[in-house]
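Below is one structure, written out as structure tokens; comments come after it.
Values quoted throughout were computed directly from the atomic coordinates according to the rules given, and no laboratory measurement underlies them. Bear in mind that the values here come from a model prediction, so they are computed numbers and not experimental data. Cβ sites come from the backbone with ideal geometry, for glycine too, and all protein chains shown count toward neighbours.
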Amino acid sequence: MNTILNYLLNEKQMTEIVATKMEQKVSKYEDIRKEFEFWIENKVFNPENPLVVGDYTAQDIHNLAPFMDGLGVFNFMVTLRDDPAKAKEYIDGGFKRK
């Protein structure tokens, strides 16, 4: 079983259907997937050579939205790459939650 799916099933206690969908999204881009796997294994964002997406590292996103866990941060990194304008709206709005 891969690292991400194992994490989602065992640590996050997701159902297999939900975990599979989440794993597919966060694995959409190989570089983001690798960074998430690093976080899962080390529980820190890559300090040596962090991935930058749209001028932000995973640590930057976590600093802006400390309520996000690793999964949330890396899902947001996918959003940042897929729809930078929408992601910037979330950032500029302070990640307002309902």
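A few points about this structure:
- R0 of 22 Å, Cβ-Cβ distance Lys43-Asn10: FRET efficiency to nearest 0.05: 0.90
- Percent of Cα pairs in segment 3-92 per distance bin of 10 Å, from zero to the largest separation: 17, 53, 28, 2.
- Under the Karplus curve 6.51 cos²θ - 1.76 cosθ + 1.60, θ = phi - 60°, whole-Hz ³J(HN,Hα) for segment 55-70, x wherever Gly or Pro sits: 6, 10, 9, 4, 4, 4, 4, 4, 5, 6, 9, x, 6, 7, 7, x
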